[in-house]
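Down below is the structure, laid out as structure tokens.
The values are calculated or read from the model by the stated rules, or taken from the named source; none is laboratory data. Here the structure is a predicted model, which means the values were calculated and not measured. Virtual Cβ from ideal backbone geometry, glycine too; neighbours counted across all protein chains shown. Just so you know, the surface numbers come from the protein's heavy atoms only, side chains and all, with ligands and any DNA or RNA stripped out. Shrake-Rupley method; radii C 1.70, N 1.55, O 1.52, S 1.80 Å.
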Amino acid sequence: MNGQQIYDLLLKNGRVIDPANRRAGRFDVAVVGNKIAKVAPNIPAAHARKVVNAGDYIVTPGLIDIHTHFDAQGAPLNLNPDYHALSSGVTTAVDAGSSGHKNFEAFKSEIIDDARVRLLAFLNIVGAGMYGTKVEDDVREMDVEAAAAVVRKHRDVIVGIKTAHYQPADWEAVDRAVKAAEMSNSALMVDFHPKPGRDYPELILKHMRPGDIHTHFYGRLTPQLDANKKVQPYMWEARKRGVLFDVGHGSGSFWFRIAVPAIKQGFLPDTISTDIHKNSVMLPRASLITTMSKFLNIGMTLEQVIERVTVRPAKAIRRPELGTLSEGAVADIAVIDEQRGEFAFLDSGFGKHIGDRNLRAVLTVRNGRVVWDTDGLSLSEWTDVGPYSNYR
Ligand SMILES: [Zn+2]
């Protein structure tokens, strides 16, 4: 090897957007091993073993999707993680409560430990996880101590507690989830259907703690707008007290008729996530890169969108070391193509919005290695690759 080649990988001249470091502009990003070694203009190409010309692309920290369903071992709607995350530029995915304290160990050993994407999890307050209405409505399944104990045991991969799908009109599920999050000193994600006697303002103003995440907040059951499409005062109040609002697109939770007026009034999501599963990834196309494109076409800037899939979700899941291109950080990087033209985007009501920009994840680096490269940016022409023995 050439003694000058101090970097393993060099992304040259990309349009870097790294909100954690307030960095936006043309930079080179150099990687050594599994770490970001240097971000600077004009790093000599000769100093790297592999050079990718990123001049036509956006270079960001690897994306973080805090609402996924990648516990592929049993729940009928769940997907396998690597393809669906890495192909969207996602290097950190958080499974949102597919499993609970009874089946998390199996999820970990069968899926998490082998995934190339960094797969983290919210633990469902329901012991059996998302295995149907019958268990998910059963308060006896919600063992606060047992859930907190599993979070503490697996702090390296469990970021917090999730409550979801609970139908009875009381606060048991939310309050037990809050308790378990408190006891384990971890984050909380809440999926909530308001009912008479259990209303939404009370959830976000009284039951949830600052830093807790309400997901699906663009869902049609979330009363965030009044009859005149004005953002309700309690939304601003909850935001002021630190409650976080997450997209969780999914099948039913992204409606242009809610998101467009809310964004126009300046009520932006805190984090953009997919709730990706077997249904939502088809119609209405809830992959992260497409979900980001939707927001880009309804009034958010590219910088605002990137911030909500990098530094902000990292903070929300209490992993501030992620979602950044800081020197010394783990080398998780997304290279994104911003296309101009005419593109159709769908929402949960199967309404469409025609936009003029579309994002496409072209290359993903996870832990220093290129793991997705759909246009072959890091590769050579087949006529130039040499003998079979060069193949690794
Ligand atoms: Zn979900």
Open item on the list: Which one, P81, A46, V16, is farthest towards the positive end of the dipole of segment 1-84 when Lys and Arg carry +1 and Asp and Glu -1 on their Cβ?
Closed with: A46
TODO: State, to one decimal in nm, how far the label point of F350 lies from the label point of E381, with both points 7 Å from Cα in the Cβ direction.
DONE: 4.7 nm
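When only DSSP loop residues count, what trypsin sites (Lys or Arg not before Pro) in segment 126-195 have their Cβ near at most 15 other Cβ atoms within 10 Å?
Working: sites: K134, R140, R152, K153, R155, K162, R176, K179; in loops: R155.
Of the trypsin sites (Lys or Arg not before Pro), the ones in loops of segment 126-195 whose Cβ has at most 15 other Cβ atoms within 10 Å are R155.
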Open item on the list: Can you tally the net charge around P41? Count Lys and Arg as +1, Asp and Glu as -1, for every other residue whose Cβ sits under 13 Å from the Cβ of P41.
Closed with: +4
Open item on the list: With angles folded into 0 to 90 degrees, how steeply does helix 172-183 sit against the dominant principal axis of the chain? Use alpha carbons for both and round to 10.
Closed with: 50 degrees
TODO: Enumerate the amide H contacts of W372 below 5 Å, restricted to partners 5 or more residues apart or on another chain; note that Pro and chain-start residues carry no placed amide H.
DONE: T364
TODO: Restricting things to alpha carbons, tell me how big segment 69-109 is in terms of Rg and Dmax, in Å.
DONE: 10.4, 31
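For segment 230-368, compute Rh as the Kirkwood radius over C-alpha pairs and then the Stokes-Einstein diffusion coefficient at 4 °C and 1.567 mPa s; write the answer in µm²/s, rounded to an integer.
Estimated via Stokes-Einstein, D reaches 81 µm²/s.
Of all DSSP beta bridges located in the chain, what percent are antiparallel, nearest 5? Before the final figure, lay out each step's value.
On the way: 36 of 68 bridges.
Given both bridge residues lie in the chain, the antiparallel proportion sits at roughly 55 percent.
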TODO: Please calculate the 1.4 Å probe accessible area of D199, with all protein chains present, and give it to the nearest 10 Å².
DONE: 70 Å²
Task: Phi to ³J(HN,Hα) by Karplus 6.51 cos²θ - 1.76 cosθ + 1.60 over segment 117-129, Hz, x for Gly, Pro - done: 5, 6, 9, 10, 8, 8, 8, 5, 5, 7, x, 8, x
Task: Whole-Å semi-axes of the ellipsoid equivalent to segment 189-292 (Cα gyration tensor, √5λ, descending) - done: 22, 15, 13
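Between R241 and Y83, how high is the FRET efficiency from 1/(1 + (r/R0)^6) when r is the Cβ-Cβ distance and R₀ = 41 Å? Nearest 0.05. Let's see the in-between values first.
Working: r = 39 Å, r/R0 = 0.95.
In this case the efficiency is close to 0.60.
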Open item on the list: Return the equivalent ellipsoid semi-axes of the chain as a descending list in whole Å, where each equals the square root of 5 times an eigenvalue of the C-alpha gyration tensor.
Closed with: 37, 24, 18
Open item on the list: Can you compute 3J(HN,Hα) from phi for each residue in segment 185-202, using the Karplus curve 6.51 cos²θ - 1.76 cosθ + 1.60 with θ = phi - 60°, rounded to whole Hz and x for Gly and Pro?
Closed with: 6, 9, 6, 9, 10, 10, 10, 9, 10, x, 9, x, x, 8, 9, 5, x, 5
TODO: Quick one: P(r) of segment 83-219 from all Cα-Cα pairs, 5 Å bins, percents rounded to integers, in order of increasing distance.
DONE: 2, 11, 21, 22, 20, 13, 7, 3, 0
Task: Rounded to the nearest 20 debye, dipole of segment 14-147 from Cβ charges on Lys, Arg, Asp, Glu - done: 1100 debye
TODO: Return, ordered by residue number, the residues of segment 357-383 whose backbone nitrogen is under 13 Å from a label point located 7 Å along Cα→Cβ of N53.
DONE: 377-381
Open item on the list: Can you give me the angle between helix 144-153 and the longest principal axis of the chain, using Cα atoms only, in degrees from 0 to 90, rounded to the nearest 10?
Closed with: 10 degrees
Open item on the list: Is there a quick way to get the dipole size of the chain? I mean about its Cα centre, with the Cβ of Lys and Arg at +1 and of Asp and Glu at -1; what is the value in debye to the nearest 20?
Closed with: 800 debye
- [ ] Please name which of Y391, N279, G368 has its Cα lying farthest along the dipole of the chain towards the positive end, using unit charges on Cβ (Lys, Arg +1; Asp, Glu -1) and the Cα centre as origin.
- [x] G368
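Tell me whether segment 2-78 comes out rounded, prolate or oblate; compute the Cα gyration tensor, take square roots of the eigenvalues as a ≥ b ≥ c, and use a/c under 1.5 as the rounded threshold. Don't skip to the answer; put the middle values down first.
On the way: a/c = 2.98, a/b = 1.86, b/c = 1.60.
It comes out prolate by the Cα gyration axes.
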Open item on the list: If I take R0 = 56 Å and measure r between the Cβ atoms of R257 and A45 in this structure, what FRET efficiency does the formula 1/(1 + (r/R0)^6) give, to the nearest 0.05?
Closed with: 0.70
Open item on the list: For segment 151-186 and segment 46-67, what is the centre-to-centre distance using only Cα atoms, to the nearest Å?
Closed with: 35 Å
Task: For segment 317-389: rounded, prolate or oblate by the Cα gyration tensor [a/c cutoff 1.5] - done: oblate
TODO: Provide the gained length on full extension for the span E303 to D170, in nm with one decimal, where the gain is 0.36 nm per separating residue minus the Cα-Cα distance.
DONE: 43.9 nm
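According to the Cα gyration tensor, what semi-axes, each the square root of 5 times an eigenvalue, does the equivalent ellipsoid of segment 139-181 have, listed from largest to smallest in whole Å? Write down the numbers at each step before the final one.
Working: eigenvalues 85, 20, 12 Å².
Ellipsoid semi-axes (Å, largest first): 21, 10, 8.
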- [ ] Kindly provide the trypsin sites (Lys or Arg not before Pro) of segment 1-48 that DSSP labels as loop, not H, G, I, E or B, and whose Cβ sees at most 12 other Cβ atoms within 10 Å.
- [x] R22
Open item on the list: Give me a comma-separated list of calculated 3J(HN,Hα) values for segment 310-327, in order, Karplus coefficients 6.51, -1.76, 1.60 applied at θ = phi - 60°, integers in Hz, x for any Gly or Pro.
Closed with: 10, 5, 5, x, 4, 5, 4, 9, 6, 10, x, 6, 9, x, 9, 9, 4, 4
